[in-house]
Each structure stands twice: as structure tokens, then as C-alpha cells.
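Chemist: Quick one: the structure is below, questions incoming.
The values are calculated or read from the model by the stated rules, or taken from the named source; none is laboratory data. Computed from a predicted model, the values in this text were never measured in an experiment. All Cβ positions, even for glycine, are placed from backbone atoms using ideal geometry, and neighbour counts span all protein chains on display. Please note that ligands, DNA and RNA were not included when accessible areas were found on the heavy atoms of the full protein model with its side chains. Shrake-Rupley method; radii C 1.70, N 1.55, O 1.52, S 1.80 Å.
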Amino acid sequence: MKIEFIDLKAQREYIGDRMDTAILAAVNEGKYIHGPQVREFEGKLAEFCGAKHAIGCANGTDALELCLMALDLRPGEAVICPSFTFAATAEVVAGLGATPVFAEIDEATFNIDPKGLEAALETAKREGLKVRALIAVDLFGQPSDYEPIEAFCRANGIVLIADSAQGFGSRYRGRVAGSIGDMATTSFFPAKPLGCYGDGGAILTPNDEYNEVIRSLHVHGKGTDKYDNVRIGVNSRLDTLQAAILLEKIAIFAEEIDKRQVVADRYAAGLAGVVRTPMVLDGCVSTWAQYVVRVPADKRDAMIDGLKAQSVPTAIYYPKPLHEQTAYKNFPVSGNGLPISERAAQQVIALPMHPYLDEATQDYIIDAVRAVATELGVAV
Ligand SMILES: *Cc1c(COP(=O)(O)O)cnc(C)c1O
């Protein structure tokens, strides 16, 4: 049996014909840059989550960078973000010469802990840094706990950016990620829940001014006349071809999120008491970008090897929090360190997760996890 960690071929079997027609049409139309599919997709993306504006760009990292450029983020300024995340979240801050201040995550959800934000702010102040923004990450598809985060940002004049690369389309108490935050970003990297056939990304915002500035910034800082540039920008566009692909994919995205939930529920039922299964906040729905379980750190390698021996692929997201990585270890860490982030990095294992994981294959995976965990004496 060959088990895929993320099965993109299964989706192609489902919508491949429509997709091929859409791709060929875009190729034949020949409007390769900013063709009509780009605006059409931006409209669908905004509609999906209830955002006012959506702007396509080249990838999810650029999307974050464009948000920070719109704030004119400078050296001497800081952005609070989690350390247990993909590097892009903090990379864009440091790349602009500003300082990421790493905050602790919540033990149960892996997302930035609202209770640790005051400590992060204090740390920044002590370092003489002005906090301009906070980047909350919807890790593994679960929305951050936005209500207390929004209250903290409002009280301190901090701009909230939601990095929804993994969680675009997830639900937080009646709202949909993408519509949360002063700006939200997503990525269409193929392995993300809403992925394209290459690189792509988008920024979403309720704010007319951010929309206007980012629309200019992502095309070299163009003014109303494209050869009269009004600011220093970048070249970061969503390709017409990728937009054509995404138009087909977003049409089935809600259905795919439902299918992922079915898979997550079956894992939770099959693995309860065997390994530590993920917890989703009340009133929230994850997009299940990853299904991440936890085992004791000293059993993890053996667990992964045991699963591999039974042909079950796994992955570790993420083996090292950013504040322990070479490029980031000199940036400020909130409070007295980030033990919860460090522990999470040592315990997590991601299991195969995609909307087309059939019951028989999933049962095989569940049985394998149960058998290996029992053999290793993993207790939760
Ligand atoms: C994937 C990802 C990004 C970056 O997206 P790219 O399109 O690969 O640049 C940013 N943040 C998080 C949390 C991600 O998972």
C-alpha cells in the first residue's frame, strides 16, 4: 500500500477535466500577466471569507511582507509573533530591518497565547523597540484566539496581521479567517489547503487605504500611471494561470474543508487515549492543514520509524522553534523563554491529512499508530 501524506493526485482525478479546460483557455487567451482570471479570483477569495478586498501576489511570504511594507515598518520597530511557526512569519519582519519579538504559544492549540502578549510588549519596550504590529498564525489550520488578541492590539495601537497561510477559510466564532485582522494573508503553495500548481499568495483587508497601498506596492509602487511610480515597491503578482487554477479549486474548497473535518473526526475517535490528539477551540472550525498529534519527546523518533516501517508517512512541523534557529536566535524572546514552544517542537508528529483520505487507508493508519504506540509504551 502506498499512502500519500498529502494526495494532490486525488483532487486532480476529481476536477482534472475542468481544470485542464480552464488552464488551456488561459493559455490560449494569452493574457499571462493580470489576465481577467486574477480579478475574478480575487473577488471569489474575498467573497469566500467575507473580506472587503483581496489582492493576489506571488506567494504567502510576499503577502506578509507587503502588509509590513504598507505599514512602512522600519528598523527600531518590532512585530510580535510566535516562534513555533514557519520561518516566513518572522523572516519578513527581519528582512525589512525590523525586529521580531517571539511570544509564547498556548499549550493546547499551538497558536500564540493571548495571555503572553503583555509580556512580549514589555520585552520589546525593554529593548527600546516600538511594537507596530502583531502577526498571529493560524497554525495547522486552526484560527488563533482572535477576540483577546484584537482587544490587546486595540488597547496598544498595534496593527493585527493574520497569517492565514494554513488557516484561510477556518472559522472563528461566526467569522471566517481571511476576514479577521487589519490585514490577513494566505498562501497558495500546493500543499496548503487552498493550493495552486506553483507559488501564489494573497492579502485580504477591510481597509481601503491598505488595499490601495498594497495594490500599488505589489506592482513596483505604481501610481495611477504605471510608469509614474509613487513609492518603492516590489514585483509580486499572482499569475493568470494560477488564478485560473485557483478558480476551479475554490469552487470545491468548502466541500474539501468539510471532508477534512470528517477525516479529523475519525482520527480523533480512533486515536483518543493513544496519542495526544489536537484540540480545537469552542466555536471554531479548523481547515486541518495538518493533523498534528503529540507523543513524549523521547519516544518520537521511534514512533516515526515504527510508522515508516508500516509505510505510514509522517512529517514534523516544526522540529525547531524559530528562536532556536541560527538566523533567529539573537532576536528577543518574550518573558523568561518559550518552554511551551520548545516542548511542542520535540513532541509533534503530523499524520497524513487531505480531503480524499479514504476510510480503509485511514483505518490502516490508525491501526498502525495504535500498534506502534502500544509497542513503545506511549502513554498520554
Ligand atoms: C506556507 C506558509 C507561509 C509562506 O507561504 P509561501 O507561499 O510558501 O511563501 C507563511 N506562513 C505560514 C504559517 C505558512 O505555513
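Chemist: Could you please give the count of residues in segment 170-197 that are of a type in the set (A, V, I, L, M, F, W, C), farther than 25 Å from Ala22 by Cα and within 16 Å of the ligand (Cβ to nearest atom)? I'd like the intermediate steps shown before the answer.
Modeler: The first filter runs over segment 170-197 and keeps only residues of a type in the set (A, V, I, L, M, F, W, C), leaving 176-177, 180, 183-184, 188-189, 191, 194, 196.
Checking the rest, the ones that are also farther than 25 Å from Ala22 by Cα come to 176-177, 180, 183-184.
If we keep only those that are within 16 Å of the ligand (Cβ to nearest atom) as well, we get 177, 180, 183-184.
Going through segment 170-197 one residue at a time, the tally reaches 4.
Chemist: If only one of Ala269, Ala302, Ala309 is aliphatic (A, V, I, L, M), under 22 Å from Ser170 (Cα atoms) and more than 16 Å from the ligand (Cβ to nearest atom), which one is it?
Modeler: Ala269
Chemist: Mind listing whichever residues of segment 241-267 are among the polar types (S, T, N, Q) and touching a Gly at 6+ places or on another chain (Cβ under 7 Å)?
Modeler: Gln242
Chemist: Another question, if that's okay. How many residues does segment 327-380 contain that are farther than 30 Å from Ala87 by Cα and in a loop (DSSP other than H, G, I, E, B)? Working first, answer last.
Modeler: In the first step, residues of segment 327-380 are kept if they are farther than 30 Å from Ala87 by Cα; the result is 358-364, 366-368, 370-379.
Pick out the ones that are also in a loop (DSSP other than H, G, I, E, B) and you get 358, 377-379.
Residues in segment 327-380 being farther than 30 Å from Ala87 by Cα and in a loop (DSSP other than H, G, I, E, B): 4 in total.
Chemist: Could you list all residues from segment 128-151 that are open to solvent by less than 20 Å² (accessible area, probe 1.4 Å), assigned to a helix (DSSP H, G or I) and more than 12 Å from the ligand (Cβ to nearest atom)? Spell out the reasoning first.
Modeler: Of the residues in segment 128-151, the ones open to solvent by less than 20 Å² (accessible area, probe 1.4 Å) are 131, 133-144, 146, 149.
Filter once more, so that each one left must be assigned to a helix (DSSP H, G or I): 139-141, 146, 149.
Result: Tyr146, Ile149.
Chemist: I've got another one for you. Of everything in segment 240-285, what is assigned to a loop (DSSP other than H, G, I, E, B) and open to solvent by 70 Å² or more (accessible area, probe 1.4 Å)? Give them in sequence order.
Modeler: Listed by number, the residues that qualify are Ala251, Met279, Asp282.
Chemist: Criterion first (outside any helix (DSSP H, G or I), within 30 Å of Ser341 (Cα to Cα), within 16 Å of the ligand (Cβ to nearest atom) and of a type in the set (Ser, Thr, Tyr)) does Thr85 satisfy it?
Modeler: Here the answer is yes, as Thr85 does meet what is asked.
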